[in-house]
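See below for the structure under consideration.
Computed from the coordinates by the stated procedures, all read-outs in this text should not be read as laboratory data. Note that the structure is a prediction, hence the values are computed from the model and not measured. Note: ideal-geometry Cβ built from the backbone for every residue, glycine included; neighbour counts use all protein chains shown.
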Amino acid sequence: MDLSILNNISYGMYIITTKKEHKNVGCFINSAMQITSKSKILAISLNKDNYTNEVLKETRKCAISILNEKANQKLISKFGYFSSREINKFDEVNYQNISELPVVIEDCCGYIIGEVIRAIDVETHDIFLIRMEQMEKLSDDAPMTYRYYHEVLKGKSPKKAPTYQEEKEEGKANRYQCSICGYIYDDSKEKIKFEDLPDSWTCPMCGVGKDKFIKL
Ligand SMILES: Cc1cc2nc3c(=O)[nH]c(=O)nc-3n(C[C@H](O)[C@H](O)[C@H](O)COP(=O)(O)O)c2cc1C
């Protein structure tokens, strides 16, 4: 099977958020699509290990913020590579409390608020069907696509994303992978070899130190 054909399926870039008691929770997703028009239903896919999945099953209310192309890597890394179980992702992020939900406003061209009407078990993931109840456009900025994230920002997808694909070996130069976010530092493509980078160097994707990299 030529899995590269899957790279031709188009997606957007979104942050889904919800709130459990006083705790704000959320994660990055690319898998969201409108599936009906009159009844305004949106479908999203969430990995069963993601804390957002666990909490959304209880709260059944969420906001989906649509990222624009100006969105910075730190915002994507924070929501896409770390868990709300361990960190407060909303620190230093511009969000507003709307309809009792923490809605991310930063680098977003709009948001949708809705209620979960059904969760469907699909092996590693659950598909949530969400009835859209409220929405607002925040700017005319271009929404970020998944392709833009990969090709322009050189972003990766973690194992829990439904579109994750394993990296293929390239060349013989040394390559090092960030154990947190999966970013690959390839000596053959960089001006400085990984070993010569200063100790203060940090992962351009998720910001952790050199010590979190593993030689491939
Ligand atoms: C570009 C990108 C796309 C992603 N898409 C999805 C997705 O569609 N569904 C999903 O469950 N996780 C997706 N993820 C992974 C989650 O955002 C990630 O597992 C996150 O750490 C979960 O956080 P939580 O435990 O606070 O819910 C994506 C991550 C990135 C960086």
Practice problem: Filter the cross-link list 19/89; 154/212; 89/137 down to pairs whose alpha-carbon distance in this structure exceeds 18 Å. | Solution: 154/212; 89/137
Quiz item: Just from its helices, what would the mean residue ellipticity at 222 nm be for the chain, if runs of 4 or more DSSP H residues each count -39500 (n - 2.57) and the sum is divided by every residue, rounded to the nearest 500 deg cm²/dmol?
Solution: -3000 deg cm²/dmol
Quiz item: Whose amide H sits under 5 Å from the amide H of residue 208, counting only residues 5 or more places off or on another chain, with H placed in the peptide plane?
Solution: 203
Quiz item: Quick one: length gained pulling residue 152 to residue 1 fully straight, 0.36 nm per residue minus the C-alpha distance?
Solution: 51.7 nm
Self-check item: Selection of GluC sites (Glu not before Pro), segment 84-176, meeting DSSP coil and at most 14 other Cβ within 10 Å
Solution: 86, 92, 100, 123, 166, 167, 169, 170
Quiz prompt | Ascending count of other beta-carbon atoms within 10 Å, so fewest first, for 145, 17, 36 | solution = 36, 145, 17
Quiz item: What is the order of 1, 205, 13, 135, fewest Cβ neighbours within 10 Å to most?
Solution: 1, 135, 205, 13
Quiz item: In whole Hz, what ³J(HN,Hα) sequence does segment 101-112 give by Karplus (6.51, -1.76, 1.60; θ = phi - 60°), x for Gly and Pro?
Solution: 10, x, 9, 6, 9, 4, 6, 10, 9, x, 8, 10
Quiz item: Can you run phi through the Karplus equation (6.51, -1.76, 1.60; θ = phi - 60°) for segment 189-195 and list ³J(HN,Hα) in whole Hz, with x for Gly and Pro?
Solution: 10, 10, 6, 10, 5, 3, 5
Self-check item: Extended-chain gain in nm, criterion 0.36 nm per residue less alpha-carbon gap, residue 35 and residue 87
Solution: 15.5 nm
Quiz prompt | Vicinal HN-Hα couplings computed from phi for segment 201-212 (Karplus, 6.51 cos²θ - 1.76 cosθ + 1.60; Hz; Gly/Pro x) | solution = 5, 10, 4, x, 8, 10, x, 7, x, 4, 5, 8
Self-check item: GNM flexibility winner over the chain from 31, 83, 139 (Cα, springs under 10 Å)
Solution: 139
Quiz prompt | D (Stokes-Einstein, µm²/s), Kirkwood Cα radius, segment 175-215, 0.692 mPa s at 37 °C | solution = 325 µm²/s
Self-check item: Bins of 5 Å, starting at 0 and running to the largest distance - Cα pair percent for the chain
Solution: 1, 7, 14, 18, 19, 16, 11, 7, 4, 2, 1, 0
Self-check item: Lys, Arg +1 and Asp, Glu -1 on Cβ, resulting dipole of segment 10-151 about Cα centre, debye, nearest 20
Solution: 300 debye
Quiz prompt | GNM top mover of 202, 18, 52 - the chain, alpha-carbon springs below 10 Å | solution = 202
Exercise. Given the options 20, 38, 160, state which has the largest fluctuation in a GNM of the chain using a 10 Å cut-off (strictly under) for Cα springs.
Key: 38
